[in-house]
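Let me begin by presenting the structure, written as structure tokens, before commenting on it.
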Amino acid sequence: MLQLGHGLVAERDGAVLGTTMWWLFGDSHASLGMVIVAKAAQGMGVGRKLMEGAIAAIGDRSILLNATDEGLNLYRSLGFDVTGTVYQHQGAPFDVPIAQLIPNERVAPMKAGELADISRLDRAATGLDRSAVIDYLFDAAQGVVLNRDGEQAGYALFRRFGRGYSIGPTLAPDIGGARALISHWLGSNTGMFCRLDVPEDSGLSAWLDELGLPCVGRVTRMCRGTPPPANSISANPTGQALTGARPTGDTIRAWSLINQALG
Ligand SMILES: CC(C)(COP(=O)(O)OP(=O)(O)OC[C@H]1O[C@@H](n2cnc3c(N)ncnc32)[C@H](O)[C@@H]1OP(=O)(O)O)[C@@H](O)C(=O)NCCC(=O)NCCS
């Protein structure tokens, strides 16, 4: 996070009281996070000062963030609007069913030469130029690619994070593809603590609950300015059982986040 982003700290007598960080995605957008004020210094305007400093530094770009309930009022008062909800799921499941694949579909390890394709898919799904983050994750994470008819249709990354591992981002054209990718990582790491942050409109939440990754938290997606031209769900948002062929379409979207700060 430090390597890829910019940040400000609030200090008093040389001691750090608060932080905020942001990550630039091309000229149009930025993501903001790590907004933390020490308990003893809360309610004294430090958070607001940090946010004003970050907004000034980010300039004309639209800003995305995922807000805790504590941060909502502050962000609203600074011009952020609510755009959705993200659920945090985590657990150490032992009994993960094998992914159901459709004909001509497979989940394969990501190969060294696939970075450019991975970046292209990320941009198509999120509407953001996150190439610097994807470059970094390409080396720091393990990846699998969803292939359909020999073409890359999506991918999911898996990396050390917090108490265990994180599965994200997961990008796929539909919920069946997203489940296939996520099942791969859960199934090959049974009993390991894994976390996913999934948008509410992904429809994945109930499925993750059933697998043994309960929802343990929720944050509010917000944007100050213009939301990126990201794709919306293309198929089966209800998370029904998979039978027969899935609609493929040419859209791709994000089904799990990199993390809450980076989106
Ligand atoms: C959210 C947080 C950063 C706010 O920092 P702060 O220095 O306490 O905030 P400020 O004193 O600058 O207050 C700014 C506004 O936030 C709101 N606010 C502050 N603390 C709040 C709380 N606990 N609950 C709800 N709203 C709160 C108020 O509306 C306040 O508006 P005002 O200036 O008109 O009174 C701080 O409470 C914190 O670190 N919380 C824990 C970590 C966290 O949740 N961070 C946000 C991640 S998205």
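Taking the square root of 5 times each eigenvalue of the Cα gyration tensor, what semi-axes in Å does the equivalent ellipsoid of segment 88-256 have, largest first? Don't jump to the answer; show the numbers that get you there.
Details: eigenvalues 87, 74, 63 Å².
Each semi-axis is √(5λ); the values are 21, 19, 18 Å.
Can you tell me the relative contact order of the chain? Whole percent, Cα pairs under 8 Å, sequence separation 6 or more.
27 percent
To the nearest Å, what is the center-to-center distance of segment 117-190 and segment 68-101, using C-alpha atoms only?
17 Å
Expressed in nm to one decimal, what extension gain is obtained for the pair D27 and R159 from 0.36 nm per residue of sequence separation less their Cα-Cα distance?
Residue separation times 0.36 nm, minus the Cα-Cα distance, leaves 44.7 nm.
Test of understanding: in a Gaussian network model of the chain with alpha carbons linked when under 10 Å, which of S119, S77, S131 would top the mean-square fluctuation ranking?
Answer for the Gaussian network model of the chain: S77.
How high is the relative contact order of segment 22-78, in percent, with contacts defined as C-alpha pairs under 8 Å that are six or more residues apart?
Relative CO of segment 22-78 lands at 41 percent.
Please express the shape of segment 1-73 as an equivalent ellipsoid: the semi-axes are the square roots of 5 times the eigenvalues of the C-alpha gyration tensor, given largest first in whole angstrom.
Rounded to whole Å, the semi-axes are 21, 14, 10.
Read-outs throughout are calculated quantities, based only on the coordinates presented, and are distinct from any laboratory measurement. Everything quoted here is computed from the prediction, not taken from an experiment.
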